[in-house]
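Asks: This is the structure, below, for whatever I ask next.
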Amino acid sequence: MPRVSFAAPTTVDEAVKVLASASGLAKVLSGGTDLLVQLRSGRVKPDLIVDTKRIPGLIGIREEGGFFIVGAATPGVMLSGNAALEHAWPGIVEGADLIGSQQIQGRASLAGNLCNASPAADSVPAVIAARTVAVIAGPGGRREAPVESICTGPGRTSLAKGELIVEFKIPKPKPHQCDAYLRFIPRTEMDIAVVGCGINVTLDGSGTCTDARVVLGAVAPTAVIVEDAAKALIGHKLDAPTLAALDAAAQQASKPISDKRGTIEYRTKVAGVLARRTATIAFERAAAR
Amino acid sequence: MTSSSEGLKVVGTRPVRPDGVDKVIGRANFGADMVMPGMLWGKMKRSPHAHARIKSINAAKALALPGVKAVVTAADFPDIASEEAFMGEGPMNFRDLSRNCMAKDKALYDGHAVAAVAATSASIAEEALDLIEVEYEVLPHVIDVEAAMADNAPLLHDDLFTQGVEPKPTKPSNIAKKIGFNKGDIAAGFAAAEIIIERRYTTQPVHQGYIEPHACVVAVAPDGQCTIWSSSQGHFMVRAYCAKLLGTEIANIRAMPAEIGGGFGGKTLVYLEPVALALSKKAGRPIKMVMSREEVFRGTGPTSGGVVEVKLGAKKDGHIVAAQLALKYQAGAFPGSPVGPGCMCGFAMYDIPNVAITGYDVVSNRPKVAAYRAPGAPISSFGVESCVDELARELKIDPLRLREMNAAKDGTKTAHGPTFVNIGYLQTVEAAKNHPHMKAKLGPNQGRGIASGFWFNIGGESSAACHINEDGTATIVEGSPDIGGSRASMAMMAAEALGISYERVRPVIGDTSSVGFTFLTGGSRVTFATGMAVTQAAEKVVVELKRRAAMIWDISPEAVEWKDGMAFPAGQNAGNFDPLSLADIALKSGRTGGPISAEVSINAQGAGPGFATHICDVEVDPETGHVKILRYTAIQDVGRAIHPSYVEGQIQGGVAQGIGWALNEEYVYDKNGRLDNPGFLDYRMPVCSDMPMIEPVMVEVPNPRHPFGAKGVGEVPIVPPMAAVANAIADAVGTRMRDLPMSPPKLRAALDEQNPPRMAAE
Amino acid sequence: MSKHHVTTTINGEPMEYLCEAQQTMLDVLRDELGLTGSKEGCSSGDCGACTIIVDGDIVCSCLMLGVEAEGRAVTTIEGVANGDQLHPVQQKFLEHAALQCGFCTPGFIVAAKALLDSNLNPTEEETRYWLAGNLCRCTGYDKIIRAVLDAAEEMRAEAGR
């Protein structure tokens, strides 16, 4: 591994300054579960690594003004350990919890998973489905952006030089609103998602869907918000024709590649399968909330 | 000469292994844990091309980097003529081994070592690699075995002519050799058959997957004395191979066995040691070289992938009258696939009168294959055992009953020559029939598969010494690296022979200068052959102990008995003496003639083959093609379980590897012949949550040629699982998978072809 | 490039070391501190042979930089036993023959200890999923799981006393 500089700022402003003024390639380090793998393999050769974990607020979960505020560098174990978040958005917690092993969970963060911008990132679909907003600090000050605007392609984000995500604002769910996340992998653990699906639904008293967001992962260069899938759910109960329409919409929206993890044909079919299974769980949970 | 199990006091029990505490507290020293003062770090530069001529290598910039002390290439190794040496588990040609360790003239696979560097830190060595300039002329490459056999395939070696075909070919080929085994009259056999089925199966190369990457620390002194610390399956092999590749005498090398973090056959040859020695010689300092996981995948031998064509002819009542097998195994960059054993094992479980087997050893632009647990057999058995299952289904005969009907027994002559004696195959089939697993109910999308397996097991050369210490404890020095707990069994057998408690026997694995020649740890030979040597050494010591007691009592040695670790006068006439314990005699040894020790070197004959029958239950998710292993029972004839826990462990480990081979493991190459998945993320071995408990059932049909009846156990367990899983999937969803791995996308596609999907509703 | 000075606590002992920024915690443990019990199996966080505990959570030390240990509490395999008193997990591994080559064993023991520190009554499934990040190629995991569940039972009995 090439020699590299290291900084561990203790405020957001300091982090922004260090990132903005870096002369070469600067990478943010939260959990390091992607960065260190890439460093070791030579895929990424940064000149500077900026550890954000010493900045107060970047690790932690709090409730404020109708939102869950999750620090950007909060590790997965903290998400799955937060009973309120797990009850409100089990799909988000599941998605994050599925990243790697228990050891990875001790480090991996939502911001890291998002900004690594793998099309198959497990925490991203449910986070987008919940209409989460990312709070970004940069040389121009703070700004907010919907999470779906962050990834622009595999390995690429819309963050400008000097910018970093500080926290995520997840809106608290309404009554009878809940989510689910499922992924398909060949083993039972430790694989990158071949397909991932996050669904957020709101039901009325009769079990009819009044709002929905369906997001697919690993079937396109970035996570896909499937409008037609949402339309298939809204105004309906989860009966056989609705499931069939949902399946078809999910398959339609899938534009995957064939690689060592799955073929185009396979990913497309499984997108439909997962959409049905994820919706079933989301509906059950929403009805119970 | 087998003792009855009631009479044994230590053999058959489950004591804690003597190296156990060191291993659970992290103190045990593996290959990469050693340091030598002044050592440098060595790193290997590897070809990024699957096939290329090496036009030039310029290391000037690398040598100029501060901290770099030496660079070596093929020019630093002596030219070796082609020479066969059966030293490892499988054929080995020293010239090929040398060229595999360091490419000469041509890079033959993505990952092939082309140069190496030694520097004062690992990071400087890495930086130096980038500064070595290699000029390649990229050549067309070939990966797939049948593509490599085609007439117009890119040729790897222009001096490779197919052996085993007449007339002798004049054109070079990628087909290194053709072999065959025959029994009876195959044409007549098929003519007499009432049903014939013919099928084609394929498998992919899979890696042994040991968690410890290859590592060594070596030092070459100015007078040429070499010290090698490495983890391997045979330090005598390391010594011999390095001597050959470096062109030095064997006595100049002392190889020390580090603890080894898994081998499964993949560490029965050398990769790093010769290169590290060359660097050490040039730099004048010790060298440490450790492979990364990526290097392990790109640069070390997996086992072959292959094509398996099976044709079975049977009577309607299930008797198999004719069996034909054609195997095409890919050997990687140099000849030497395990197609021979693959041929020999294919039908070994069965008594079939007419058999014709053909095998091809084929090179292609992939890493040179290395042995992997019962090399060759899992591949051919996947085909044969699947085909036997397909035959059973066609005939509507229970798969266990079909095997019972055709089972090899004592007196069955194999297609490859030997006649079986003291085998336990039928016993494993009977045990399977009677096992409660066969009665467990299956639900929707669940199925059960049966498969059998065979492996020869070998004996071979082993040395061992038994030293009695002054306080009556014993030290056993043997030369077999312990890959699975064997040193515990050595201590147990010695304790049994000496008649003392296990706790008073300490086993040690001696380096090449401290114990006699011992063939490597492989072929399921250690408990059999080294166990035999250890037992014989202990028995020689007992003879000497009796002689010393006789001296003390001033009677004839014939009048002394040895029982439970004590000398007794044999009967009234011998004299009325109190028994002498081993400790008593040891204390007096200086006055009765000196140290009490015996060393034995043998070439153990009479290894008993291993047979197994496995039962596997799966559940298939038809929408995703995901397969879950619900339950697995592995029944095996183990001869005698010296330490039952470690025998069970061998069975369970082999099963898990077979399941990975069946479901998800494979090498993925891109169109440039570069390996796409050189890591544990995308080379998918079973993880904890993928596996159920594995029930090992040990059937004991003792081998009378071993002092305690042991047969080799380590390799048979990996032979049946792939077919067991495939047969279970066929039972569950009616889909026959003939191409490994049976990964979800392939299973889903096969299911869709069988039942074209409608738009499904939950 | 100058080295970083790190002050940390390892297995209850205050420790200091110098390291380059890109050196992983695993590199530091093995090559600078002589704590070779943690093993390198893959350097990509897929095998768990390098598992350590940092501030109570298991992590892969190959995915952590040495500089990040500043001010943290680290436990490695060398710190699991209490002097010559083996931890119940270690003892049960020996009794159940839950190791063959022993290379993955330190990682498993640290991970299993952390499991039992947080949950003394895991089911077989919970145990398997917790340990899914630890690869073993020798044992097929059967005896490892039995050893961990047996250790849990012993620790529950001990706690009940």
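Asks: Please get the size of the charge dipole for segment C:1-154, origin at its Cα centre, with Cβ charges of +1 on Lys and Arg and -1 on Asp and Glu, quoted in debye to the nearest 20.
Replies: 340 debye
Asks: Tally Lys/Arg at +1 and Asp/Glu at -1 over every other residue whose Cβ is under 9 Å from the Cβ of B:Val206; what's the total?
Replies: Overall, the nearby charge balance is -2.
Asks: Report, please, the projected area of segment B:287-419 averaged over directions, based on the convex hull of its C-alpha atoms, in nm².
Replies: 10.3 nm²
Asks: Which whole-number percent of Cα pairs in chain A have a distance greater than 30 Å?
Replies: Of all Cα-Cα pairs in chain A, 29 percent lie more than 30 Å apart.
Asks: Run through segment B:225-320 and list the GluC sites (Glu not before Pro) located in a DSSP loop whose Cβ has at most 13 other Cβ atoms within 10 Å.
Replies: Here the sparse-neighbourhood loop sites are B:Glu249.
Asks: Quick one: net charge of A:Ala7's neighbours, Cβ under 14 Å, K/R +1, D/E -1?
Replies: For residues surrounding A:Ala7, the net value is -2.
Asks: Then there is this: Tilt of helix C:105-118 relative to the longest C-alpha principal axis of chain C, in degrees (0 to 90, nearest 10)?
Replies: Compared with the principal axis, the helix lies near 70 degrees.
Asks: Okay, moving on. Return the ratio Rg/(2.2 N^0.38 Å) for segment A:61-171, where Rg is computed over Cα atoms only.
Replies: In units of the 2.2 N^0.38 Å rule of thumb, it is 0.99.
Asks: Also, I was wondering about something else. I'd like the distance separating the alpha-carbon centroids of segment B:537-586 and segment B:702-762, in whole Å.
Replies: 57 Å
Asks: Under the definition of partner shielding as Cβ atoms of other protein chains within 10 Å of a residue Cβ, what is the mean value for peptide C:61-69?
Replies: Shielding by partners across C:61-69 averages 6.
Asks: For segment C:88-160, what is the charge dipole size about the Cα centre, in debye to the nearest 20, if Lys and Arg each add +1 at the Cβ and Asp and Glu each add -1 at the Cβ?
Replies: Charge dipole, segment C:88-160, about its Cα centre: 280 debye, nearest 20.
Asks: Only sites in a loop by DSSP and with at most 11 other Cβ atoms within 10 Å count here; which trypsin sites (Lys or Arg not before Pro) in segment A:142-208 make the cut?
Replies: Sparse-neighbourhood loop trypsin sites (Lys or Arg not before Pro): A:Lys161.
Asks: Now for a separate question. Projecting each Cα onto the charge dipole of the protein assembly as shown (Lys/Arg +1, Asp/Glu -1 at the beta carbon, about the Cα centre), which of A:Asn113, B:Ala710, B:Ala537 comes out farthest on the positive side?
Replies: A:Asn113
Asks: Work out which helices of chain B, taken as complete DSSP H runs, extend at least 27 Å along their axis over the Cα atoms and score a mean Kyte-Doolittle of 0.5 or more, then list them.
Replies: The qualifying helices: there are none.
Asks: In a shell of Cβ-Cβ distance under 11 Å around A:Phe68, excluding A:Phe68 itself, what net charge do Lys and Arg (+1) and Asp and Glu (-1) give?
Replies: Its environment carries a net charge of -1.
Asks: Computed over the Cα atoms of the protein assembly as shown, what is the ratio Rg over Rh, Rh following Kirkwood?
Replies: Using Cα coordinates only, the ratio equals 0.98.
Asks: For A:Phe67, which sequence-distant residues (separation of 5 or more, or a different chain) have an amide H within less than 5 Å of its own amide H, given hydrogens modelled in the peptide plane?
Replies: Sorted by chain and number, the residues that satisfy this are A:Lys172.
Asks: Calculated from DSSP H runs of 4 or more alone, at -39500 (n - 2.57) each and per residue, what is the 222 nm mean residue ellipticity of chain C, nearest 500?
Replies: -9500 deg cm²/dmol
Asks: Let me know the charge dipole size of segment A:177-288 about its Cα centre in debye, to the nearest 20, where only the beta-carbon of Lys, Arg (+1) and Asp, Glu (-1) is charged.
Replies: 300 debye
Asks: Which residue, chosen from A:Leu35, A:Ile281, C:Met25, occupies the Cα position most advanced towards the positive end of the dipole of the protein assembly as shown, where the dipole is computed from +1 (Lys, Arg) and -1 (Asp, Glu) charges on Cβ about the Cα centre?
Replies: A:Leu35
Asks: Now for a different question. Quick one: Cα centre-to-centre distance for segment C:78-111 and segment B:595-609, in angstrom?
Replies: Centre-to-centre (Cα) distance: 34 Å.
Asks: Now, a different point. Could you give log10 I(q)/I(0) at q = 0.07, 0.08, 0.11 Å⁻¹ for chain B, computed by the Debye formula over C-alpha point scatterers of equal weight, without solvent?
Replies: -0.53, -0.69, -1.21
Asks: Still on this structure, I have one more. Would you calculate the volume per residue, in Å³, of the smallest convex hull containing every Cα atom of segment A:5-50?
Replies: Value for segment A:5-50: 63 Å³ per residue.
Asks: Specify the inter-centroid distance of segment C:4-36 and segment B:198-241, based on alpha-carbon positions, in whole Å.
Replies: After rounding, the separation between the Cα centres reads 30 Å.
Asks: To continue, here is another question. Amide H to amide H under 5 Å from C:Leu65: which residues, 5+ apart in sequence or cross-chain, H placed 1.01 Å off N in plane?
Replies: Sorted by chain and number, the residues that satisfy this are C:Met25.
Asks: Per residue of segment C:64-77, in order, report the coupling 6.51 cos²θ - 1.76 cosθ + 1.60 (Karplus, θ = phi - 60°) as ³J(HN,Hα) in whole Hz, putting x for Gly and Pro.
Replies: Whole-Hz 3J(HN,Hα) from phi for segment C:64-77: 9, 7, x, 5, 6, 6, 3, x, 9, 10, 10, 10, 10, 4.
Asks: Can you give the convex hull volume of the alpha carbon atoms of segment C:88-160 per residue, in Å³?
Replies: Per residue, the Cα convex hull of segment C:88-160 comes to 71 Å³.
Asks: Sticking with this structure for a sec: Show that you can apply the helix-only estimate: for chain B, add -39,500 (n - 2.57) for every DSSP H stretch of four or more residues, divide by all residues, and state [θ] at 222 nm to the nearest 500.
Replies: Using -39500 (n - 2.57) per qualifying helix, the result is -8000 deg cm²/dmol.
Asks: Among all lysine pairs in segment B:341-492 that are eight or more places apart or on different chains, how many have alpha carbons less than 21 angstrom apart?
Replies: 5
Since every read-out is calculated from the coordinates, none of them should be taken as a lab result. Small disclaimer: the values here were computed from a predicted structure and weren't measured. Positions of Cβ are generated from backbone atoms using ideal geometry, with glycine treated the same way; all protein chains shown enter the neighbour counts.
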